Amino acid sequence: MLLSIILEAVSYVPAIAAVAAALAVFGGGMGIGKIGQSAMEAMARQPEAASRIQSGMIIAGALIEGATLFAIVVCMLAVFG
């Protein structure tokens, strides 16, 4: 009985991992979009600070992209590992 429940739950792991990867990518895209929006608004208000704003925007975008990639790797390990 318990073994059949465990085996049934294991069969859903690839689908759950695919949904988790999709949510990670969606969240990362939303975060990078929000960074871009805020940076453009800030540069419109203070054009003289554009270079500092762009630097911060690139660093924050890279951190979000790294976290998203890490989440996708964890999901792939759940399926293939």
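Side notes on the structure shown:
- Take the chain with all the other protein chains still there, run a 1.4 Å probe, and you get 74 Å² of accessible area per residue.
- Of Ala67, Ala42, Ala20, the residue with the greatest mean-square motion in the GNM of the chain, using alpha carbon springs below 10 Å, is Ala42.
- Just the protein heavy atoms count here, and of the accessible area of the chain at 1.4 Å, carbon and sulfur take up 76 percent.
- Extension gain, Ser38-Ala78: 0.36 nm per intervening residue step, less the Cα-Cα distance, totals 10.9 nm.
- Distance (nanometres) between label positions extended 7 Å along Cα→Cβ at Met30 and Leu3: 4.3 nm
The values are calculated or read from the model by the stated rules, or taken from the named source; none is laboratory data. Bear in mind that the values here come from a model prediction, so they are computed numbers and not experimental data. When we count neighbours, we look across all protein chains shown, and the Cβ atoms used for this are built from the backbone with ideal geometry, even at glycine. Areas reflect the complete protein model, heavy atoms only, side chains present, ligands, DNA and RNA absent. Shrake-Rupley method; radii C 1.70, N 1.55, O 1.52, S 1.80 Å.
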